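As structure tokens, the structure follows; a few thoughts come after it.
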Amino acid sequence: MTLWLMAGLLFTPLAWAVLTLLTDFVWGRRVTWVGILVQVFVSLGLWLTIAQNGGFYYDLGGWGAPLGIELRVDGLAVTFVLLTAAVASACGLHAGVYIDRHKPWHRYFWPLFWFLWSGLNAVWLGGDLFNLYVGLELISLSAVGLVALGGNANALRASVRYLLAALLGSLAYLLGVALIYGQFGTLSIAGVVAWLDNHSAPAGPGLALALMITGLALKTALFPLHRWLPPAHGIAKSPVSALLSALVVKASFYIAARLWLAFGESLGSLAAAQMVGLLGGAAVVWGSWLACKQAQLKQVVAYSSVAQIGYLFLLFPLTYSVSESISLQAQQGITLQVISHALAKAAMFLAAGNLILSVGSSRVDALAGVSRFLPFSLFSFGLAGVSLMSLPPSGGFAAKWLLLQASLGSGQWWWALVLLAGGLLSAAYLFRVYRASFAENPETDRFFHPSKSLEIIPMVLALMALGLEFVSEQVLSVMALPFAEEGAP
Amino acid sequence: MIRALRTCFIALACIAFSAVLAANIWAIAGVPGQGALPQLLSENMSRSGVEHPVTAVLLNFRSYDTLLEIGVLVIAGIAGISMSKTTSLEDPELRTSDPLLYALQRWFIPLMLVLAGYLLWAGADRPGGAFQAGAVLAATGVLMRLGGIPMDFLRPGLLLRLGLMLGFSVFLLAAVVSVIGGDAFLAYPPDMAKPLILVVESVLTLSIAMVLLALFVSAPVNDAEDPEEGDPS
Amino acid sequence: MTLSLLYAMAGAALCGIGLFGLLRLSHLLRRLLAFNIMGSGVFLIMVGLPQHQSGPDPVPQALVLTGIVVAIAATALAVVLIRRYYHQSGMTSLEGESGSREGGPL
Amino acid sequence: MIEWLLDGLLVLALLATAAGALFSRDLFRAVVVFIAFGLLMAVVWVRLQAPDIALAEAAIGAGLTGVLLLDAVRHLGNGRQKALRKTRDPSERGSGQS
């Protein structure tokens, strides 16, 4: 059974990419509905299987780790697979209605969408350093293709910039992989960890780790390497922005986090950990500040992503040379932050797209007066905002609460300040949007109600982000499951 | 002035980067090799279905990498043809009637086709293989194209999209066949490994050439564009 | 010092040159050249370093082949994007953008 | 000894062409130098006993990338010529600019 689920998980997105390339937009949409159904079913099945039996290593092609490629199928990986299934299907369903079907080039949306999905799955499950590189490139190139799809000069500028940043990040990562292979003679993460366990720290310093994490930080848009993100996420079509902000940046962060948790203890240093945390804190403050000053609605949401990404990098100081329980707390907090931000930000971008569609302008001040029309999307936007501001009850609150405990428990109280400041600043930029929409403007009479299906999807995502608080225990217990077959092969 | 200072600073940073990297390489090179991988590889060569180790790694041991890599290539192709919104990818500007080019074509195209075939065939036991053959094939196409030979199959119609996908889909099917037999994804049955790899390599050659060619000819563009979201135009 | 190590060192130098080009140059095609040069440097290290220790090693060679194909895919896509960008805006660099001073990719 | 000398020269040529490709004033020449760089890389791969990569580099790295870039340069023109082109032939870019 597991075998079939795994094959389905790997095969479906790639196969659907092929199928949708051969169809036009409308048929591609129908085919995609079937694919989404299959993919959600398979992801859920795999998640349940892992929740019952624990994780395992999956040898692709029947070749074991050093020679072949192994996939690491554990609780964390399948949780993200499931998250991807939820967010990507929401974006796919939204895009099917939102995107103009009459433009001939929009048929290429579907194959790129499916390739993006397959790349994400490859990254969540990847246990091989080079395979992760190929997965990252799969994600980057399809994401760039989606941003550029049918775009004008500004969209092209954003996508070229995005492409160059992504390529530089991948090269830095690949350079690190080359050094790791030279040093340890293996590409499997588990193999390197096993080597490090049996030997003393190697002669070469942690340059390889530093290079890989720098490259991945560039791809995740960590301050001060974030400048490519707002133009790309702001100018893409709303479903694409949602995919990019919710999932694509998380993929590179996920690899960085996995590498840090695997090698950080032996190859990292306290200064590096604090440094990364500091950049994360700066990202929270600076991203929120810039979000307050943006005139375009989607730019506000994009800069909010820069800020929220900052929180993720608090993982580095909070897991370095602290006690086991605090490290676990921090990991759980970050995982919840990834999930809640993915759901909330996808909801927010989709809702923002609906609002822009409704008022016919992408500016924040153009929202003046729309609250009179009681747009459902404004309500979804607000609910997603609750999670981003980390007010209870929401997944964002549960995440920040765990992080707060971890930072106080490890004696690094200064991260608690970052958490507080971030919460206040996010309230500031979100209330700015609400205030604009509640402003009285009797002249606003043009308001277009988008179709119901467009409005329901962000609402479902926002409710999921809020409801995460109540199921966080279950999610975290699956995440922490031990491996069924312990030890690296 | 500020610009010059910045340039100096970046140059110094890059030199420092190179130096640190070189020092690190030196340090790693001083430690005797850990890798048991080449040995492991040669022990398993007999089960791989091909004689040439690089081909074995690419198409059997680490075939998942190769599958995804072809995916990357196809993505680039898709994104490329999505940029050119004309019904035909023909660009009249490209046609030249250079006698030198014409002569080149007459002699080179058959030669290059033979070379591509040889490279593909050689891949099993000698250096060569699908990528090199595909690249040579694509170069042949570019040469033909520069000479203005009409290439109708490059219209962004169904045929082009089929061609883009052919290699990838055959590879994907070969990958999933083993699952039906209850084996892992991408595990070729040992006695089927050689023919499967051969089939995959040949269609990959065609597809790689097709993608690269499509990317080459899709560069000419027209002006159709989407308005930005919320743009009243 | 072996031959492989010499080339790995050359790879380190190429990485530095390519990085400088990527950060400092503004013309998009030149930056693309810089990316390719830096990529070649990385590939040289990838093959040269393990081969210094244990002789010819097919695994990194296969990885580099994969890497080269990924690099050409990225380059070709970038060329298409750049050409279309030039076609629509008449510009060959990211600079000159209103409201944004920095032309860097970061 | 003579072998080392040749390899040293090869490395120097590699670095020189890399720098030339990036900093040559004329974009067309830069691309031509880059193709030379690709061919030198192919020789390097032969020296590193990696004939597969050498073939791929010659075909893909030097050949296809080179043609792709040359074609792009022809269309984009050099940075210096851009302004001139713009004034001479405004119709070429069509409505994209407005």
Seminar exercise, completed: Row for segment C:3-89, column shape: gyration tensor on C-alpha, a ≥ b ≥ c, rounded if a/c < 1.5 i.e. under 1.5, prolate if a/b over b/c, else oblate; value oblate
Exercise. Taking amide hydrogens as modeled 1.01 Å from N in the peptide plane, which residues meet the under 5 Å criterion relative to A:R363, leaving out close sequence neighbours?
Worked result: A:L297
For this session: Return the calculated 222 nm mean residue ellipticity for chain A, to the nearest 500 deg cm²/dmol, obtained by summing -39500 (n - 2.57) across DSSP H runs with n ≥ 4 and dividing by the residue count.
Result: -25000 deg cm²/dmol
For this session: Would you mind checking the tilt of helix C:58-89 against the longest principal axis of the Cα atoms of chain C, expressed as 0 to 90 degrees and rounded to 10?
Result: 10
Problem set entry | Estimated FRET transfer efficiency when R0 is 60 angstrom, pair A:H102-D:V46 (beta carbons, to 0.05) | 0.65
Problem set entry | Kirkwood estimate for chain A, i.e. one over the average of 1/r between Cα atoms, Å | 22.5
Exercise. Using the count of nearby Cβ atoms within 10 Å as a rough guide to exposure, how do A:C292, B:C14 rank from fewest to most?
Worked result: A:C292, B:C14
Problem set entry | Across A:K345/A:K452; A:K237/A:K345; A:K250/A:K293, pairs whose alpha-carbon gap is larger than 18 Å | A:K345/A:K452; A:K250/A:K293
Problem set entry | Mean Cα-pair separation over length for segment A:249-391, i.e. relative contact order, pairs under 8 Å, 6 or more apart, % | 23
Problem set entry | Inter-label distance for B:A19 and A:V285, nm, one decimal - labels placed 7 Å from Cα along Cα-to-Cβ | 3.3
Problem set entry | Rounded FRET efficiency, nearest 0.05, which uses the C-beta distance separating A:M275 from D:M1 and R0 of 51 Å | 0.60
Seminar exercise, completed: Honestly segment D:12-77 on the Cα gyration tensor test (a ≥ b ≥ c root eigenvalues; a/c under 1.5 rounded, otherwise a/b vs b/c for prolate or oblate) is just oblate
Problem set entry | Net charge dipole size for segment D:12-77 [Lys, Arg +1 and Asp, Glu -1 on Cβ; Debye, nearest 20] | 180
For this session: Using the Cα centre as the reference, give the magnitude of the dipole from point charges on the C-beta atoms of segment A:18-159 (Lys, Arg: +1; Asp, Glu: -1; all else neutral), rounded to the nearest 20 debye.
Result: 580
Exercise. Out of A:T214, A:A384, A:L71, whose Cα points farthest toward the positive end of the dipole of chain A (charges: +1 Lys, Arg; -1 Asp, Glu; placed on Cβ)?
Worked result: A:A384
Problem set entry | Order of A:E440, A:E455, A:E137, A:E265 - criterion: other Cβ atoms within 10 Å of each residue's Cβ, fewest first | A:E440, A:E265, A:E455, A:E137
Problem set entry | Separation in nanometres of the label points that stand 7 Å from Cα toward Cβ, at B:V199 and B:V177 | 0.4
Seminar exercise, completed: Per residue of A:276-286, other chain Cβ atoms within 10 Å number on average 0
For this session: Of the options B:A135, B:T7, A:P13, report the single residue whose Cα projects farthest towards the positive end of the charge dipole of the protein assembly as shown (beta-carbon charges: Lys, Arg +1; Asp, Glu -1).
Result: B:T7
Exercise. Under unit Cβ charges (Lys, Arg +1; Asp, Glu -1), what dipole magnitude, rounded to 20 debye, does the protein assembly as shown have relative to its Cα centre?
Worked result: 2420
For this session: Using a/c under 1.5 as the rounded threshold, could you call the protein assembly as shown rounded, prolate or oblate? The axes a ≥ b ≥ c are square roots of the C-alpha gyration tensor eigenvalues, and prolate needs a/b larger than b/c, oblate otherwise.
Result: rounded
Problem set entry | Relative exposure of A:D59, A:D100, A:D74, judged by other C-beta atoms within 10 Å (fewest first) | A:D100, A:D59, A:D74
Problem set entry | For segment A:270-489, the fraction of alpha-carbon pairs in successive 5 Å shells from zero, as % | 1, 8, 15, 18, 17, 14, 10, 7, 5, 3, 2, 1, 0, 0
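No value in this document is a laboratory result; all are computed from the given coordinates. Here the structure is a predicted model, which means the values were calculated and not measured. Here Cβ is always computed from backbone atoms with ideal geometry, including for glycine, and neighbour counts include all displayed protein chains.
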